[in-house]
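Q: Structure provided below as structure tokens; questions to follow.
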Amino acid sequence: MAEVLEAAMLVCFGLSWPINGYKNYKAGTAVGTSWQFIALITAGYAAGIAAKFASGTLNWVLAVYVINLACVGFNWAVYFRNRRLDARREAQDAVA
């Protein structure tokens, strides 16, 4: 039962990341995006994965952690893409 509850928590958190990544991709700007927040979430998932290995409870829930971490990785990619777009706009505005 503990595994099911842990997976439910991860699924609830995990569903927000693709939605957030898509929204930020469409926005095309990193303004309002906190890299510190994404870093904390990344660290949290990494700690959860490490806990699975440290406790020896390598089960199917580990796959949910990995999927969530991949979704957060997509958010990192979008964040850095959007920063580049912001920098280009700023450079164009400075020229104009």
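Q: At 1.4 Å probe size, with no ligands or nucleic acids counted, give the accessible surface of Tyr65 in Å², nearest ten.
A: 20
Q: Could you give the angle, 0 to 90 degrees to the nearest 10, between helix 61-95's Cα long axis and the longest principal axis of the Cα atoms of the chain?
A: Between the helix axis and the principal axis of the chain, the angle is about 10 degrees.
Q: I've got another one for you. Counting only protein chains, not ligands or nucleic acids, how are Asp93, Asp86 ordered by accessible area (probe 1.4 Å), most first?
A: My answer, sorted largest first, is Asp93, Asp86.
Q: At 1.4 Å probe size, with no ligands or nucleic acids counted, give the accessible surface of Ser16 in Å², nearest ten.
A: In the full protein context, Ser16 sits at about 60 Å².
Q: Roughly how many Å² is the accessible area per residue of the range 29-96, as a whole number, for a 1.4 Å probe?
A: Accessible surface, normalised per residue, equals 62 Å².
Q: Can I ask one more? Please identify which residues in the range 34-52 have an amide N closer than 19 Å to a label point set 7 Å out from the Cα of Asn59, following the Cα→Cβ vector.
A: 47-52
Q: Enumerate the calculated ³J(HN,Hα) couplings along the range 29-45 in order (Karplus 6.51 cos²θ - 1.76 cosθ + 1.60, θ = phi - 60°), each rounded to whole Hz, writing x wherever the residue is Gly or Pro.
A: 9, 8, 4, x, 9, 9, 5, 5, 5, 4, 5, 5, 5, 4, 4, x, 5
Q: Given labels modelled 7 Å from the Cα in the Cβ direction, how far is it in nm from Lys23 to Gln92?
A: 2.5
Q: Could you state how much accessible area Cys12 has, in square angstrom rounded to the nearest 10, with a 1.4 Å probe and all protein chains kept in place?
A: Here the accessible area works out near 100 Å².
Q: Ignoring any ligand, DNA or RNA, what whole percent of the accessible area of the range 7-80 comes from carbon and sulfur when the probe is 1.4 angstrom?
A: 78
Q: Order Val64, Val31, Val11 by their accessible area, 1.4 angstrom probe, all chains in place, largest first.
A: Ranking Val64, Val31, Val11 by accessible area, largest first, yields Val31, Val11, Val64.
Q: Which value in deg cm²/dmol, rounded to the nearest 500, describes the helix-derived mean residue ellipticity at 222 nm for the chain, given -39,500 (n - 2.57) per DSSP H run of n ≥ 4 and division by the residue count?
A: Per the formula, -30500 deg cm²/dmol.
The values are calculated or read from the model by the stated rules, or taken from the named source; none is laboratory data. Everything quoted here is computed from the prediction, not taken from an experiment. Glycine gets a Cβ as well: all are built from the backbone with ideal geometry, and neighbour counts include every protein chain shown. To get the accessible areas, we keep the full protein, side chains included, count just its heavy atoms, and leave off ligands, DNA and RNA. Shrake-Rupley method; radii C 1.70, N 1.55, O 1.52, S 1.80 Å.
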